[in-house]
Amino acid sequence: MSTWLAMDGYGVFVWASYGLTAGVTGALILLSMLRHAKAKAHLADLQAEIEGL
Amino acid sequence: MWSYFANPDRFDHLARRALPICAGVSFLLFAIGLPWALIFSPPDYQQSESVRIMYVHVPAAWLAMFAYAGLGASSFVYFVWRHNVADVAAQAIAPLGAAFAFLCLVTGSLWGKPMWGAWWVWDARLTSMLVLFLLYLGYMALRGAIEDEKLAARSAAILAMAGLVNLPIIKFSVDWWNSLHQAASVFRFDGPTIDASQLWPLLIMALAFTFLYLTLTLMRMRTVIVEKRAASLERRLEAQGVNL
């Protein structure tokens, strides 16, 4: 296991690449979902306000 | 076909059905591709285990370029036919393309340091990829800087279309100029020169990233459509004298 993690001495570079990729893609997924939920909630609020007029 | 998809409701209906399929396919391909890339594919005879960076670096580079082609095409469709869904697509694609260009540059740097002995060189391939990243940032900055939505969309579309000239420069930079970066080894007229034991995991990872990109693009396009509807309702309420 430790041999595999060491990646023949290139572990820092390999794991940093995969870690960064996971971080950026994870953030993209999370932020996209949050923004969608926020936009839908805002639209629902506005529609409720219009119906109330 | 353009007019069929120009209807946001029709697009939203289609996107809602396509989203879980794209997300599921991406998840499945990552479940196959990641262990293949990190465990089962062999180390390179020259680069040893550092070659595993290729399985995230190359898909990021391909997607950064693919996304820019999408940005340019949607900008063209919006600019010529004024189809709103094309503008929505451009808005959704730009931050995703920027993220993939950023990943390509940083993972390339992390690969370059142990192989070339330098984090960065002002090589034609690296510089043209940096220009692509800056084009994405410029597109987003330009859209954000102009208050009039239609003028912002048109100006940004012109920038996106002009930036298309950078795509062949990136692709052929390694052939046109002396470069530290290796020449193309997958998309070649005479076929791939990369060994099948590394080509297959690379293609699986590239497909996984492509389906992730499609998932995020559809999700963000739906969000932009909802935001535009909300903005339209806000204007309606303001016109009726309601304080928001």
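Read-outs throughout are calculated quantities, based only on the coordinates presented, and are distinct from any laboratory measurement. The shown structure was predicted, so the numbers you read here are calculated from the model rather than taken from an experiment. As a convention, Cβ positions derive from the backbone with ideal geometry for all residues, glycine included, and neighbour counts pool all protein chains shown.
When Rg is the radius of gyration of the Cα atoms in chain A and Rh is its Kirkwood radius, what does Rg/Rh come to?
1.50
Give the Rg (one decimal place) followed by the Dmax (whole number) of region B:11-160, computed from C-alpha coordinates and expressed in Å.
Rg and Dmax of region B:11-160, Cα atoms, are 18.4, 56 Å.
Do the sum for chain B: with -39,500 (n - 2.57) for every DSSP H run of n ≥ 4, divided by all residues, what is the mean residue ellipticity at 222 nm, to the nearest 500 deg cm²/dmol?
After summing the helix terms and dividing by residue count, I get -26500 deg cm²/dmol.
To the nearest 0.05, what FRET efficiency results for B:ASP44 and B:ALA118 with a Förster distance of 25 Å applied to their C-beta separation?
About 0.80, to the nearest 0.05.
Considering Cα pairs under 8 angstrom that are at least six residues apart, work out the relative contact order of chain B and quote it in whole percent.
It comes to 32 percent, rounded to a whole number.
Provide the FRET efficiency to the nearest 0.05 for the A:TRP4-B:ARG154 pair, computing r from the beta carbons and using R0 = 41 Å.
Taking R0 as 41 Å, the efficiency between A:TRP4 and B:ARG154 is 0.20.
Give the span of the protein assembly as shown's Cα atoms along each principal axis, as three whole-Å numbers ordered largest to smallest.
Over the protein assembly as shown, Cα extents along the principal axes are 72, 42, 34 Å.
Determine the dipole magnitude for chain B: charges of +1 sit on the beta-carbon of Lys and Arg, -1 on that of Asp and Glu, nothing else is charged, the reference point is the Cα centre, and the result goes in debye to the nearest 20.
520
Running Debye on region B:71-121 with equal point scatterers at the Cα sites and no solvent, what base-10 log of I(q)/I(0) appears at q = 0.23 Å⁻¹?
Log-scaled intensity ratios, in q order: -0.75.
If you count, for every residue in A:35-42, the Cβ atoms of partner chains within 10 Å of its Cβ, what is the mean?
Working: counts 6, 7, 2, 3, 9, 6, 2, 7.
The shielding value for this peptide is 5.
For a quick check, take a GNM of chain B with Cα springs below 10 Å and name the residue from B:MET54, B:MET205, B:MET129 with the largest mean-square fluctuation.
In this elastic network of chain B, the residue with the biggest mean-square fluctuation among B:MET54, B:MET205, B:MET129 is B:MET54.
Using the scaling law 2.2 N^0.38 Å as the reference, what is the normalised Cα Rg of region B:130-177?
The value comes to 1.36.
I need the GluC sites (Glu not before Pro) found in region B:146-244, filtered to DSSP loop residues with at most 12 other beta carbons within 10 Å of theirs.
Taking region B:146-244 and a limit of 12 other Cβ atoms within 10 Å, the loop GluC sites (Glu not before Pro) found are B:GLU147.
With +1 on each Lys and Arg Cβ and -1 on each Asp and Glu Cβ, how big is the dipole of region B:1-92 about its Cα centre, in debye rounded to the nearest 20?
That gives region B:1-92 a dipole magnitude of about 240 debye.
With a Förster radius of 41 Å, plug the Cβ-Cβ distance of B:LEU237 and B:ARG16 into 1/(1 + (r/R0)^6) and report the FRET value to the nearest 0.05.
With a Förster radius of 41 Å, E is 0.95.
Just add up the charged neighbours of A:ILE29: K/R +1, D/E -1, any other residue whose Cβ is under 13 Å from the Cβ of A:ILE29.
Within the 13 Å Cβ shell, the charges total +2.
Provide Rg and Dmax in Å for region B:178-224, with only Cα atoms included in the calculation.
Gyration radius and largest Cα-Cα distance of region B:178-224: 15.5, 44 Å.
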